[in-house]
1. Based on the Kirkwood radius over alpha-carbon pairs, what value in µm²/s does the Stokes-Einstein equation return for the translational diffusion coefficient of segment 33-88 at 37 °C and 0.692 mPa s?
2. Within 10 Å, count the other beta carbons around each residue, average over each peptide in 54-61, 79-86, 12-19, and list them highest first.
3. For Leu20 and Lys107, what is the calculated FRET efficiency with R₀ set at 35 Å and r taken between the beta-carbons, to the nearest 0.05?
4. Which sequence of Arg39, Arg62, Arg108 reflects their accessible areas, 1.4 Å probe, from the largest down?
5. Could you please state how large a percent of the accessible area of the chain is carbon and sulfur, counting protein chains only and using a 1.4 Å probe?
6. Rounded to two decimals, what is the ratio between the C-alpha radius of gyration of the chain and 2.2 N^0.38 Å?
7. When ligands, DNA and RNA are left out and all protein chains stay put, how many square angstrom of accessible area per residue does the chain have with a 1.4 Å probe?
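The values are calculated or read from the model by the stated rules, or taken from the named source; none is laboratory data. Given the structure is predicted, the values throughout are model-derived calculations rather than measurements. Neighbour counts are summed over all protein chains in view; Cβ atoms, including those assigned to glycine, are modelled from backbone coordinates with ideal geometry. Remember, those area values only see protein heavy atoms, side chains included, never the ligands or the DNA or RNA. Shrake-Rupley method; radii C 1.70, N 1.55, O 1.52, S 1.80 Å.
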Amino acid sequence: MTKVSAGILTGILLGIVYGLYNVHGNGSATALSASLLGRSAQGIINGVLAAHANKGAPPVWRGALWGLLIGLGLGILAGLTSHTFPASLIPSGLLGLGCGVATAKAKR
């Protein structure tokens, strides 16, 4: 699996989990689909950026650090629209951490 495909796959899966976490309590179809699509898109972007930041064969800690920083940056952007920085930073950071580790572990 390439670094980009590992980052995208991990980003989509963690984005779905993050989207479901965002919807807790509001079960309408509109809120669910908007949250799932938005957070999956954030995961895809994070996965692609983490894959390009982790070129070559970086150690896992460096990949995790790059992914975390990218995730926090995207969390700030996500928090701008909803005015909820603390609530969006931690899950976005975890999403980025997962993408960074996945791209650092991928071989090519």
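1. Once the numbers are plugged in, D ends up at 272 µm²/s.
2. The densest-packed peptide leads the list: 12-19, 54-61, 79-86.
3. With R0 = 35 Å, the Cβ-Cβ based efficiency is 0.70.
4. So, going from the largest accessible area down, we get Arg108, Arg62, Arg39.
5. The computed percentage sits at 76.
6. Relative to the rule-of-thumb radius for its length, the chain sits at 1.03.
7. Counting only protein heavy atoms, the per-residue value for the chain is 55 Å².
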